[in-house]
Amino acid sequence: MKLHNISFGNIKRRKGKMLFLVLGLVIGISTVVTLLSITESMTRNIEQRLNRFGANIVMVPKSENLSLNYGGIDVGGVSYNVREFDQEKLANIRTIKNYKNLSIIAPKVLGPVKVKNKNVLLMGVVFEEELALKTWWHKIGGVFPEKENEVMLGSQAATLFGFKIGDAISLLGKPFKVTTILKPTGGSEDDAIIAGLSASQKLLGKEGRLSMVEISAFCQGCPISEMTLQIAEKFPFAKVTAMKQAVMSKMQSIDMFKSFSLGISLIVILIGSLLVLVTMMGSVNERTREIGIFRAIGFRRGHVMQIILLEALLLGIIGGILGFGIGNLIAYGIIPLVIKDGMFVGINMNLGVISILMAVALSLLASLYPAFKASNMDPSEALRAL
Amino acid sequence: MTQVNHFIEIHGLKKTYQSGDTKVDAIKQMDFSIDDEEFITIMGQSGSGKSTLLSIMGALNHPTQGKVLVDSLDLYSLTTEQRADFRSEYIGFIFQSFQLIPYLTVLENVKLPMAVTGWTKKLKDRMAFEVIDRVGLGDRAHRLPDQLSGGEQERVAIARAIVNKPPIILADEPTGNLDSKTACDIMMLLQSLNKDGHTVIVVTHNPGVEAYADRTIRVRDGECYA
């Protein structure tokens, strides 16, 4: 016979009341878990959407000249920058501290070629990376280039030269095949011929060189500005720029969801704690006689408190586990309904541990006053209330 | 004249309850003493103050005035927690209408006073079974109180009161809820406990109980009389 036997016995006997108390905790914890899961899922969702906007870090060679180009309108006067990166050194990007947050790295080589006596921009890309990054690139037919001697044309370039899918094109005397034409994008690629990276490097005489690198780094709250600095450190001759706007808007929306969830969680937890307090208080009042007996047969005030707080601890653990489970279930059911293309992000075990700790803390805190009141009952008064 | 130390001494005891604006004197003035291993009945009508007296002797109820000395210990100069320890060590209560914990078995109810001791489970079990056998409930140890008759519940209450081997047993109307045959058995049991060395104090209004006691203290209107 130990004090915990009394706590267990009481919980078993007053199942209804204890269920009510656990319910208070479950409501609080499951709301928090649900909201956190929804926030998490929203964050992922926004990230995915923002990902479709393309690169958020751009690395170009440092230049001493200023750009004379705005919104795609080139006012001329500045020749192509001749400085380039070593392709070999690109692997260094993967050695930065936050390398795990890098998702797409799309290297490019740029240079002019003559087609039908006209200068046109040749973009050498790694198609796999480029297409993953530029999800707004749509072809009007055919297939994206796969072989060394295949190219793709921007819509404007195709119209200007009158090329169709399947046509042969000669670049600096070498034969290529047009496998597809892009739908207009409004970007620079409309005017360009896009070919494989190594083929373009050979054509332009820039073997092993890169003109620019576009990087996509999205993750939950990853420090884009810091990553920019980390990359700049590895490439002292490069200008590394973060697309601040995308990052900022992402952060803002996430922060808004977070404060919203926090507010709602606090209110629900407050209500849950009140429920625990009221139930525990009722339970203590019902047990006046019992507590009188405990005190009469020699239990100290501390022992009575221990019995009640032990009950609170046990119920807190049960409430935490149930609340976590139910919260995840609700999130699983509700996320596809409230977020377009939203998906449940999975069970976060750390959140599980925090949920249980939170439920226990809540239950203990809300039971502190009832326990104190019980332990301070005058035993002779308590026994007279028979 | 030599000072004789009695086991229990009551000096100038007074207890007043405040009920709204009116004061009720439950105990007006009492002085008496009880010796070790005595069997005492405290007789009185209901409202005479005898139950209040019992709770004061049991370190449960602070008197308005006066002293209670048990084993030379001034009970109401102790702190609340010290008084709890005193009850654990010195007093075995047998309450009116048994006061068993309904969700604990006979064995658990009997072991209840030992829950706050550091004794081993083995020792607790041995002591509990010893007293359960003593009160004749050896085959009922794992039943819940509501599966027992009134007399059996009274025996569990007695077993719980004596399991810690307290020197003093305080019983409040132990025969109140029992038929006369069972009441007689219970009084015999208390008598045999007294023979084993417990000081037994029984509060009752039943004159039939008097016969078992060494001495009777009569109480009327909050005072003792011969």
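Sequentially through segment B:116-130, phi angles give Karplus couplings (6.51, -1.76, 1.60; θ = phi - 60°) of 9, 9, x, 5, 6, 4, 4, 5, 4, 4, 4, 5, 5, 5, 4 Hz, Gly and Pro residues having no value and appearing as x.
How big is the antiparallel share of DSSP beta bridges in segment A:56-242, given as a percent to the nearest 5? If you can, show how the numbers build up before the last one.
Working: 33 of 42 bridges.
Just about 80 percent of them are antiparallel.
Just need the relative contact order of segment B:17-99 here, percent rounded to a whole number, with Cα pairs under 8 Å and 6+ apart.
On the way: 41 pairs, mean separation 14.5, N = 83.
Here the relative contact order equals 17 percent.
Backbone phi angles across segment A:225-234, fed through the Karplus curve with coefficients 6.51, -1.76 and 1.60 (θ = phi - 60°), yield HN-Hα couplings of 4, 5, 5, 4, 5, 4, 5, 4, 5, 6 Hz in residue order; Gly and Pro are listed as x.
Mean sequence separation of contacting Cα pairs (under 8 Å, at least six apart), scaled by the length of chain B, corresponds to a relative contact order of 31 percent. Estimated from helices alone, the mean residue ellipticity of chain A at 222 nm is -18000 deg cm²/dmol (sum of -39500 (n - 2.57) over DSSP H runs with n ≥ 4, per residue). Centre-to-centre separation between the Cα atoms of segment B:62-99 and those of segment A:139-189: 101 Å.
Relative to one another, the C-alpha centroids of segment B:165-207 and segment A:291-326 are positioned 35 Å apart. Indicate the gyration tensor shape class of segment A:87-138 (rounded, prolate or oblate), computed on the Cα atoms with a ≥ b ≥ c the square roots of the eigenvalues: a/c under 1.5 is rounded; otherwise a/b larger than b/c is prolate and the rest oblate. Here segment A:87-138 falls in the oblate category.
Converting phi to 3J(HN,Hα) with the Karplus coefficients 6.51, -1.76 and 1.60 and the offset θ = phi - 60°, segment B:100-108 yields 8, 7, x, 9, 10, 6, 3, 4, 5 Hz in sequence order, with x at every glycine or proline.
How large is log10 of I(q)/I(0) for segment B:1-148 at q = 0.09, 0.16, 0.19 Å⁻¹ when the intensity is taken from the Debye formula with one equal scatterer per alpha-carbon? Those come out to -0.39, -1.04, -1.21, one per q.
For B:Ile94, the amide hydrogen comes within under 5 Å of the amide hydrogens of B:Leu170, B:Ala171, B:Asp172, counting only partners 5 or more places away or on other chains and with H modelled in the peptide plane. Helix A:3-13 and the longest principal axis of the Cα set of chain A meet at an angle near 80°. Rounded to the nearest 10 degrees, the inclination of helix A:349-375 to the longest alpha-carbon principal axis of chain A is 20 degrees. Per residue, the average separation of C-alpha pairs within less than 8 Å and at least 6 apart gives chain A a relative contact order of 29 percent. Counts of other chain beta carbons within 10 angstrom of each beta carbon in peptide A:286-297 average 5. Once backbone amide H atoms are built at 1.01 Å from N, B:Arg220 has B:Tyr225 as its partners under 5 Å, excluding neighbours fewer than 5 places away on the same chain. Largest GNM mean-square fluctuation across A:Ile215, A:Ile318, A:Ile267, computed for chain A with C-alpha springs under 10 Å, falls on A:Ile267. Over the C-alpha trace of chain A, radius of gyration and Dmax come out as 33.2, 111 angstrom. Each pair of Cα atoms in segment A:56-242 enters the Kirkwood radius, and Stokes-Einstein at 20 °C and 1.002 mPa s then converts it into a translational diffusion coefficient of 123 µm²/s.
Computed log10 I(q)/I(0) for segment A:173-228 at 0.18, 0.19 Å⁻¹: -0.88, -0.91, from the Debye equation with unit scatterers placed on every C-alpha and solvent omitted.
Placing +1 on each Lys and Arg Cβ and -1 on each Asp and Glu Cβ, with no other charges, gives the protein assembly as shown a dipole about its Cα centre of roughly 2300 debye.
Any read-out appearing in this document is the output of simple, stated calculations on the displayed coordinates, not a laboratory observation. All values reported here derive from a predicted model rather than from experimental measurement. A quick note on method: Cβ atoms are made from the backbone with ideal geometry, for glycine too, and the neighbour counts reach across all protein chains shown.
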